[in-house]
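Trainee: Shown below is the structure under consideration.
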């Protein structure tokens, strides 16, 4: 099963459920046009008992998608591990320099061929094939 992760700027936005999801970075970059994906980020949220009851009921669908996992810390408090694609800065459009137009009357110059290098022969080596 392939996990899908929400695309968001913050953990709260990722947990809201109103985000598009992607399983790979390429999918995530295609879905958020104009912005770059900075990382696949995992944030840890420690919940109190009151927050635990409210939050766990709201996030049933998130558990099924696999981007939210529930753990307990050393103090027996509930900890949520939320993994999401974090949106970074806006992508600046790169301007490519125009290639100079080549006239059909200009001929391409042939590439210079390199002379073959002579192999170094060790004078102390015995040549078995030379008579």
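The values are calculated or read from the model by the stated rules, or taken from the named source; none is laboratory data. Because the structure is a prediction, the values reported are computed rather than measured. Neighbour counts are summed over all protein chains in view; Cβ atoms, including those assigned to glycine, are modelled from backbone coordinates with ideal geometry.
Trainee: Looking at (1) at pLDDT below 80; (2) part of a loop (DSSP other than H, G, I, E, B), which is the only condition residue 75 fails?
Mentor: The number of the failed condition is (1).
Trainee: It is to be established whether one or more residues within the stretch 61-72 are within 18 Å of the chain's Cα centre (by Cα) and at pLDDT below 85.
Mentor: Quick first cut of the stretch 61-72, residues within 18 Å of the chain's Cα centre (by Cα) only: 67.
Filter again for at pLDDT below 85, leaving 67.
Yes, because at least one residue in the stretch 61-72 is within 18 Å of the chain's Cα centre (by Cα) and at pLDDT below 85.
Trainee: Scan the stretch 93-102 and tell me whether some residue there is out of contact with any strand residue (DSSP E or B) (no Cβ under 9 Å at 6 or more places or on another chain), under 30 Å from residue 4 (Cβ atoms), modelled with pLDDT under 75 and not in a helix (DSSP H, G or I).
Mentor: First, the residues of the stretch 93-102 that are out of contact with any strand residue (DSSP E or B) (no Cβ under 9 Å at 6 or more places or on another chain): 93-102.
Those still in the list that are under 30 Å from residue 4 (Cβ atoms) too: 93-94.
Checking the rest, the ones that are also modelled with pLDDT under 75 come to 93-94.
Filter again for not in a helix (DSSP H, G or I), leaving 93-94.
Within the stretch 93-102, one or more residues are out of contact with any strand residue (DSSP E or B) (no Cβ under 9 Å at 6 or more places or on another chain), under 30 Å from residue 4 (Cβ atoms), modelled with pLDDT under 75 and not in a helix (DSSP H, G or I).
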